[in-house]
Amino acid sequence: MQFCQGSTYEDLRKMHISEMTQLDFAGFAIGGLAVGEESSVMYDIVDLSTDNLPLNKPRYLMGVGTPVDILECVEKELICLIV
């Protein structure tokens, strides 16, 4: 599992995801979120991340634990959500 970082900076996150998806990892983790930013910002970054990660590999969202956030992020096509 490879961690995809970039905080809430869309350009950094896209760049990191682009570089990491060129390698053959078993899956990808979306990290660096749920650390104090507004939920709407987190959801936007989750959308951006899931839009750029392969659909055929597991995607794990790290550190999101409120029931509302879990449901919202599972709806955003995360394959694997571990809390």
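The values are calculated or read from the model by the stated rules, or taken from the named source; none is laboratory data. Given the structure is predicted, the values throughout are model-derived calculations rather than measurements. Note: ideal-geometry Cβ built from the backbone for every residue, glycine included; neighbour counts use all protein chains shown. Heads up: the accessible areas ignore ligands, DNA and RNA and are worked out on the full protein's heavy atoms, side chains in. Shrake-Rupley method; radii C 1.70, N 1.55, O 1.52, S 1.80 Å.
For the reader, a short list of remarks on this structure follows.
- Within the chain, helices (runs of 4 or more DSSP H) holding 2 or more residues that are surrounded by 16 or more Cβ atoms within 10 Å (Cβ to Cβ) and not charged (D, E, K, R): 10-20, 39-52
- In segment 13-33, the residues that are farther than 15 Å from Ile45 by Cα and β-branched (Val, Ile, Thr) reach residues that are open to solvent by 50 Å² or more (accessible area, probe 1.4 Å) and modelled with pLDDT of 90 or more with C-beta atoms within less than 8 angstrom, at least six apart or across chains, in these pairs: Thr21/Asn52.
- Residues of segment 1-22 classified as touching a Pro at 6+ places or on another chain (Cβ under 8 Å) and either under 15 Å from Gly63 (Cβ atoms) or among the aliphatic types (A, V, I, L, M) (or both), total: 1
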